[in-house]
1. Being over 18 Å from the mean Cα position of the chain (by Cα) and in a loop (DSSP other than H, G, I, E, B) is the filter here, so list the residues in the stretch 142-191 that pass it.
2. Go through A260, A250 for me and flag whichever is within 16 Å of the ligand (Cβ to nearest atom), within 19 Å of the chain's Cα centre (by Cα) and within 22 Å of K199 (Cα to Cα).
3. Hey, among the residues in the stretch 306-315 that are surrounded by fewer than 24 Cβ atoms within 10 Å (Cβ to Cβ) and within 14 Å of the ligand (Cβ to nearest atom), which one's farthest from Q95 (Cα to Cα)?
4. In the stretch 284-305, which residue that is part of a helix (DSSP H, G or I), touching a residue at least 12 places away in the same chain (Cβ under 8 Å) and more than 10 Å from the ligand (Cβ to nearest atom) is nearest to I335 (Cα to Cα)?
5. So, of the residues in the stretch 316-343 that are within 15 Å of the ligand (Cβ to nearest atom) and assigned to a loop (DSSP other than H, G, I, E, B), which turns out to be nearest to L4 (Cα to Cα)?
6. Scan the stretch 110-153 residue by residue and report those that are loosely packed, with under 11 Cβ neighbours inside 10 Å and under 21 Å from D33 (Cα atoms).
7. Show the residue pairs that are 6+ apart or on different chains and have beta-carbon atoms under 6 Å apart, the first residue being within the stretch 35-64 and without any contact (Cβ under 8 Å) to a residue 60 or more places away in the chain and within 15 Å of the ligand (Cβ to nearest atom), the second being in a loop (DSSP other than H, G, I, E, B) and hydroxyl-bearing (S, T, Y).
8. Inside the stretch 230-247, can you point out the residues that are assigned to a loop (DSSP other than H, G, I, E, B) and over 19 Å from the mean Cα position of the chain (by Cα)?
Amino acid sequence: MTLLTPYTFRNSGLTSVNRIALAPMTNQQSNEDGTLSNDEYNWLMRRAVGGFGIIITCAAHVSKDGQGWPGELGIFDDSHLSGLQRLAQGIHQYQSLAIVQIFHGGARSPFDVSGSQPWSASAHIIQVGSKNIDVAEGSVEQIESTINAFVASAKRAHEAGFDGIELHGAHGYLLHQFLSSVTNKRSDEWGGSFEKRSKLIRTILQKIKTSLPSNFIVGVRLSPEDKYTFQGIDFDESLALAALLSDDGADYIHVSPWDALKKPEKYSEGEKALITYFRDIIPAKTAVIVAGEIWSREDGEKAISLGADIVALGKGAIGMPDWPKLIKDPNFVPIKPPYSVSHLKDARLTPKFIDYMKRWKGFVKE
Ligand SMILES: Cc1cc2nc3c(=O)[nH]c(=O)nc-3n(C[C@H](O)[C@H](O)[C@H](O)COP(=O)(O)O)c2cc1C
């Protein structure tokens with residue numbers, strides 16, 4: 001079994017032509033009202049042409065109050081439907097599976113973008129750039145309406161013809177904020193113990209699973225441990241959560257450790273890779289996806305040998321849109337950043353997206 005072997009999702013029966021996914025990547029190219037733009041379409045389509053078996057879109061907000069940045073894809077209104085339909089159809093033309101990542105920014109949905117007061121599990125202050133932003137504690141009504149918004153968005157993705165959705169439970173956004181013992185200090189049913197902190201993401205998953213046919217893929221992305229400034233995630237809790245989500249019917253768990261081959265910080269003295277811990281606890285019926293610093297075919301095959309069923313490429317897929325085809329050549333040598341502007345233009349990035357990529361240190365050649 002290699003990266004180029006097809007993978008069939010056990011619950012849904014859908015097959016990816018290989019074990020290579022495009023990782024979800026925000027590119028700020030959607031129209032102001034959240035509808036799909038031609039630029040976003042072209043960028044994703046180029047990766048479908050390049051042979052990625054699964055195309056996962058950037059994070060798309062499930063409600064206006066969950067929008068995190070300008071130019072973000074929306075999935076909260078029927079006005080988004082026709083663009084989403086076009087995207088799903090386009091991706092299917094090239095035999096890739098189409099998945100849309102759905103999310104709510106929570107504390108990280110600033111007022112000037114979302115038009116409302118940012119809220120999270122608990123009230124706290126976050127620093128964005130040089131600004132301190134007051135975040136309010138979400139009311140039970142806000143939590144309930146957000147659950148409904150996630151379910152409605154998943155239904156909209158299904159109606160648009162997508163093969164599935166991915167719940168964004170990683171990288172410090174709302175679902176992650178509820179999971180964290182630092183940002184979730186609630187004392188009601190939505191916070192406190194691990195079970196209560198996990199309730200929001202599990203409830204959303206369960207409701208989506210019961211609202212849609214079993215051949216619709218529902219995956220969940222998780223940050224397995226603390227990273228950067230976002231704290232409050234314990235590695236053992238993440239493993240326990242992955243197993244519970246699998247019981248709840250998750251078709252895949254997408255682990256986002258930023259380095260697919262690393263060891264967990266908590267057990268860094270041991271021999272076992274982080275992704276192997278997940279494979280060992282997650283039943284075989286649920287796929288394991290991992291992303292982070294996969295550049296060569298060897299990197300990808302190593303991740304598979306450590307227990308991943310599928311690998312997802314982020315930065316490598318930006319610079320090498322034909323990666324799944326290129327790795328068939330035994331002499332393939334990955335082209336790594338920094339990439340020149342003309343290289344990125346050839347890879348179907350617009351000046352706007354290239355500008356955005358300048359925020360990623362060392363990615364765009366000066
Ligand atoms: C430009 C850019 C945008 C990203 N946007 C998202 C996103 O919308 N949702 C998400 O879950 N991860 C996002 N990520 C993280 C990637 O999906 C991926 O996990 C990460 O880049 C590590 O993989 P890589 O080393 O192959 O880039 C983004 C990464 C990049 C580089």
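Rule-based calculations on the coordinates, nothing more; no lab input. In this text, all values refer to a predicted model and were calculated from it rather than measured experimentally. We place every Cβ from the backbone using ideal geometry, glycine too, and count neighbours over all the protein chains shown.
1. Correct list: G161, S181, V182, T183, N184, K185, R186, S187, D188, E189, W190, G191.
2. Working: A260 fails: within 22 Å of K199 (Cα to Cα).
Exactly one of A260, A250 is within 16 Å of the ligand (Cβ to nearest atom), within 19 Å of the chain's Cα centre (by Cα) and within 22 Å of K199 (Cα to Cα), namely A250.
3. Checked the stretch 306-315; the qualifying residue farthest from Q95 (Cα to Cα) is K315.
4. Going residue by residue through the stretch 284-305, those that are part of a helix (DSSP H, G or I) are 297-305.
Add one more test, that the residue is touching a residue at least 12 places away in the same chain (Cβ under 8 Å), and what stays is 297, 299-304.
Add one more test, that the residue is more than 10 Å from the ligand (Cβ to nearest atom), and what stays is 297, 300-304.
On the way: R297: 12, G300: 15, E301: 18, K302: 19, A303: 20, I304: 22 Å.
The residue in question is R297.
5. For the stretch 316-343, the residue satisfying everything is I327.
6. Correct list: D112 only.
7. As it stands, the answer is E40/S30; I55/S96; C58/T26, since those pairs meet every condition given.
8. Within the stretch 230-247, G232, D234 meet the criteria.
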